[in-house]
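The values are calculated or read from the model by the stated rules, or taken from the named source; none is laboratory data. If you're wondering where the values come from, they're calculated on a predicted model, not measured in any experiment. As a convention, Cβ positions derive from the backbone with ideal geometry for all residues, glycine included, and neighbour counts pool all protein chains shown. Areas reflect the complete protein model, heavy atoms only, side chains present, ligands, DNA and RNA absent. Shrake-Rupley method; radii C 1.70, N 1.55, O 1.52, S 1.80 Å.
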Amino acid sequence: EMQNDELRKTQLELQEVKDEYFDLYNFAPVGYLIFNEKGLIEDANLTSVTMLGFEKSGLKNFRFSNFIDKESQDIFYFHRKNVIETQTLQTCELQLVRKDKTKFWAQLECAGIFSDEGDVIQLNANLIDITDRKQVEASLRKLSSAIEQSPSSVMITDLSGAIEYVNPKFMQLTGYNLEEVLGKNPRILQSGEQSKVVYQEMWNTILDG
C-alpha cells in the first residue's frame, strides 16, 4: 500500500514536470523544430506552427524546404551541409513562405544529433522571426544612402560636440577628408568672420541633442 502511494505520488510529480516542460516548449517566444535525416519535420512547437501558418497536426512529415522562398533555397542547402560536415551549431538568415503565401524573414539555428559513425540522425532547430529587424535595416540603408548622396553638407556629432560622421558633400565643400575630422571639434571650421552669438546658438543646439 505504501509502495503504491509512493508510486502514485512520483507519477503525479513527473506529470507536473512534464506539463511544465510542454508549456515552456510550446509557448516559448522561439520556434522549435525537429527534422529527421531527410529534412522532414518530426516535431514543432506551437510558436513555429503559428509562424508558418499551419496547424500542428498538418506540419508533421512536411518537408521544411517547402517553406523556404526560392531565393533562399541555396542558403538553407549550404547551412544544412555545414551543420552535417562540421557537426557544430550553425546560424543563417533566410526568407520563408507561410501557408497563405505571405513571406517573412527568419533566423534559423541548427544543431545535429549524430550516430557513432558520424551519420546525422536528426537536426534540432530554433526559428526566430526577424522581419521587423530586416525592415529597420532596410530603412537605415535607405537613410544612409540619402545622406551619402545629399547635395547638402551633413555633419553628425556626439553630445560633447566631437564629430562622428560627415558626408561626401561636407568633404567636397571643406576640403577635409573623413579621417581628418573624426573626433575633432567643429570649431576647426571657424572662419573668424562670425559673431560669438552665432557660435553660441550653434553650440546650444548641439548640446541640447
Please go through (1) over 15 Å from Phe35 (Cβ atoms); (2) surrounded by 12 or more Cβ atoms within 10 Å (Cβ to Cβ); (3) acidic (Asp, Glu) for Asp100 and return the number of the only condition it doesn't satisfy.
(2)
Given the conditions (1) in a strand (DSSP E or B); (2) touching a helix residue (DSSP H, G or I) at 6+ places or on another chain (Cβ under 8 Å); (3) at pLDDT below 95, which single one is not true for Lys99?
(1)
Residues in the stretch 45-78 that are of a type outside the set (A, V, I, L, M, F, W, C), open to solvent by 60 Å² or more (accessible area, probe 1.4 Å) and under 17 Å from Gly31 (Cβ atoms): how many?
7
Consider the stretch 169-202. How many of its residues are open to solvent by less than 50 Å² (accessible area, probe 1.4 Å) and under 17 Å from Ser150 (Cα atoms)?
1
Is one or more of the residues making up the stretch 79-92 surrounded by 15 or more Cβ atoms within 10 Å (Cβ to Cβ) and farther than 22 Å from Gln122 by Cβ?
no
So if I check each of Ser115, Ser150, Ser139, which one is at pLDDT below 95, open to solvent by 50 Å² or more (accessible area, probe 1.4 Å), more than 22 Å from Phe67 (Cβ to Cβ) and not basic (Lys, Arg)?
Ser139
Yes/no for Tyr21 being modelled with pLDDT under 95, closer than 15 Å to Ala125 by Cα and not in a loop (DSSP other than H, G, I, E, B):
no
